[in-house]
1. Using a simple charge model, +1 on the beta-carbon of Lys and Arg, -1 on the beta-carbon of Asp and Glu, nothing else, what dipole does region A:115-317 show about its Cα centre, in debye to the nearest 20?
2. Please give the helix A:241-252 orientation as an angle from the longest Cα principal axis of chain A, in degrees from 0 to 90, rounded to the nearest 10.
3. What's the angle, to the nearest 10 degrees (0 to 90), between helix A:115-131's Cα axis and the longest principal axis of chain A?
4. Net charge around residue B:220, counting only other residues with Cβ within less than 11 Å of its Cβ (Lys, Arg = +1; Asp, Glu = -1)?
5. Quick one: pull the percent of accessible area on the protein assembly as shown belonging to carbon and sulfur, 1.4 Å probe, ligands and nucleic acids left out.
6. Under 20 Å Cα-Cα from residue B:312, which lysines qualify once same-chain neighbours fewer than 8 residues away are excluded?
7. Heads up, I need the accessible area for residue A:44: 1.4 angstrom probe, whole protein in place, Å², nearest 10.
8. For region B:115-317, build the charge dipole from Cβ charges (+1 Lys, Arg; -1 Asp, Glu) around the Cα centre, then report which of B:257, B:195, B:208 sits farthest towards its positive end.
Number of protein chains: 2
Amino acid sequence: MAVYTEVSVEDLDALLAKYDIGQVLAFKGIAEGVENSNFYLGTDKAQYILTLYEKRVAAGDLPFFLGLMEHLAQKGVNCPLPVHDLDGRILQTLAGRPAAFVTFLSGYSLKRPQPVHCHSLGEAIARLHLAGRDFTLHRDNALSVAGWQELFASIEGLADRLVPKISLSLVRHLDDIAAHWPSKLPQGVIHADLFPDNVFFLDNRVSGLIDFYFACNDLFAYDLAICMNAWCFELDGAFNVTKARALFAGYNSVRALDDAEVAALPLLAKGAAIRFFLTRAYDWFNTPDNAFVKRKDPMEYWRKLAFHDGVKHAGAYGL
Amino acid sequence: MAVYTEVSVEDLDALLAKYDIGQVLAFKGIAEGVENSNFYLGTDKAQYILTLYEKRVAAGDLPFFLGLMEHLAQKGVNCPLPVHDLDGRILQTLAGRPAAFVTFLSGYSLKRPQPVHCHSLGEAIARLHLAGRDFTLHRDNALSVAGWQELFASIEGLADRLVPKISLSLVRHLDDIAAHWPSKLPQGVIHADLFPDNVFFLDNRVSGLIDFYFACNDLFAYDLAICMNAWCFELDGAFNVTKARALFAGYNSVRALDDAEVAALPLLAKGAAIRFFLTRAYDWFNTPDNAFVKRKDPMEYWRKLAFHDGVKHAGAYGL
């Protein structure tokens with residue numbers, strides 16, 4: 001988490017003239033989001049976040065991401081609301097990069113969320129899924145089953161450096177997951193990256209969801225599987241079934257999972273584990289030592305994959 | 001500029017209980033200051049900055065730095081005011097590092113300051129110098145003449161990689177500057193690092209000075225020489241005498257430089273140039289490629305040194 005592109009208030013001046021957002025009182029780069037450069041902007045009217053989209057976000061996807069945030073915010077989801085300029089535009093160019101202002105959300109992310117937070121998160125995900133149903137734009141999930149095969153191909157020769165013969169095991173898991181991946185479950189817009197960094201809390205309740213730059217159309221239950229992996233394992237690798245039960249109970253209290261979704265959860269959780277294993281492994285081999293971005297250990301997700309591989313029924317998740 | 005140490009609100013909890021600064025509404029790492037980790041903290045009462053002091057700041061110097069900020073703020077200088085806990089303490093420990101909360105200053109730093117800003121800066125420096133006169137703690141400037149010799153010794157074998165035979169020229173300058181360095185000029189507490197990053201403006205006037213972690217006791221005019229080097233050269237290396245004239249006029253309007261100070265300015269400016277050349281050269285050779293911190297070009301300061309070497313009289317600075 002860092003600021004990749006430096007921006008000064010002078011750089012902003014021409015852009016701010018197009019907006020009715022008040023006089024600048026403070027402007028600072030902030031460490032938020034993994035892929036983009038973000039800035040805190042305080043004016044005499046309100047607080048905002050300015051995001052510059054760096055190269056890992058495809059410019060062609062921005063209308064989907066920004067349109068989705070606007071759609072969700074208007075439906076009452078606590079997510080950043082893109083700010084329109086006086087001509088009605090959201091997307092700008094700054095320092096050679098696509099850029100947008102969004103509203104500032106109160107709250108803070110948690111490093112060690114508890115069951116109460118997982119319950120509130122489950123409710124928030126369900127509300128997001130329901131609110132996104134009538135969003136008209138569509139974005140395929142580039143990091144779903146077909147994408148994993150491509151990612152694996154790009155690291156196949158390197159993966160065994162992590163653990164000898166892990167490639168063989170990976171091929172088997174990928175084939176198995178692809179063969180059984182469900183296609184008929186309820187689907188719609190999912191966040192697809194709701195790690196604790198991207199969820200703000202106030203008074204133990206979700207106050208905001210941020211960083212929609214992996215959002216896409218996919219299975220609702222897959223979004224939950226991603227969250228279960230990110231929120232319900234302890235640092236020592238232990239699965240915390242109390243947190244998982246709270247997550248699913250929160251979700252079910254707003255939108256009830258159907259039987260097919262529940263039955264598919266162990267497989268979806270394996271898929272979610274392999275997706276983050278693969279992107280982390282890719283970054284592991286493609287990020288120089290001492291780089292700006294701290295690499296995350298792919299093996300954490302390999303162990304989560306192994307856990308779910310031993311799960312025969314979603315009852316193991318407290319369901 | 002980056003966040004070196006990650007801190008979550010949970011990490012903060014025990015610490016915040018010792019303070020009467022309200023309920024947390026937002027907490028984010030910010031890119032401010034070069035050496036330390038800084039966080040924006042918004043509460044229902046006010047805004048604050050939390051600083052974690054990383055290894056390049058000596059813990060033994062913190063009472064000087066924090067005491068100075070408190071002293072200056074109480075004298076009306078717009079600088080961060082350290083916040084006391086309920087037991088009256090400023091300095092804490094967080095994530096294994098010394099840490100302190102200070103008040104949040106409105107304003108923003110400029111990338112391309114104009115003469116009007118240099119004038120306001122001159123006034124602010126003079127006010128800082130006057131306000132510091134009755135501060136009772138003392139800190140020698142570790143990066144003055146004697147320190148430069150040490151720094152040079154540490155890079156002597158490497159310097160010629162920047163430009164062939166630059167070492168020979170460096171030795172000559174260092175000896176010359178040391179032989180003529182003034183000792184009897186007016187002195188007191190100086191900031192010693194007032195680069196544009198460390199000065200906030202609102203409505204074209206200085207609204208705040210930050211980052212006092214090089215502050216020390218030294219010649220007042222040396223502080224101005226550092227500023228002249230940092231504020232009065234254009235990106236193409238040209239010296240902007242209009243900005244220098246504005247800087248000195250602003251200073252003189254609050255505290256008049258005496259004749260000896262004016263006469264010493266070309267030499268002090270050479271010293272200020274060599275000080276930043278040396279620290280940048282040291283970092284150049286000791287920072288890995290792709291590191292977290294972007295290296296700054298030492299040669300920028302070599303060219304400033306060469307400019308001042310051709311100045312025979314402070315009239316060249318508009319004085």
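1. For region A:115-317, the charge dipole is close to 220 debye.
2. Tilt of helix A:241-252: around 60 degrees.
3. Helix A:115-131 sits at roughly 70 degrees to that axis.
4. Net charge around residue B:220: -2.
5. C and S fraction of accessible area: 52 percent.
6. Those lysines meeting the cut-off are B:243, B:270, B:304.
7. 90
8. Looking along the dipole axis, the top candidate is B:257.
The values are calculated or read from the model by the stated rules, or taken from the named source; none is laboratory data. Please read all numbers here as calculations on a predicted model, not as lab measurements. Please note: Cβ atoms are built from the backbone with ideal geometry, for glycine as well, and neighbour counts cover all protein chains shown. Each accessible area value is taken on the protein alone, full model and side chains, heavy atoms only, with ligands, DNA and RNA left out. Shrake-Rupley method; radii C 1.70, N 1.55, O 1.52, S 1.80 Å.
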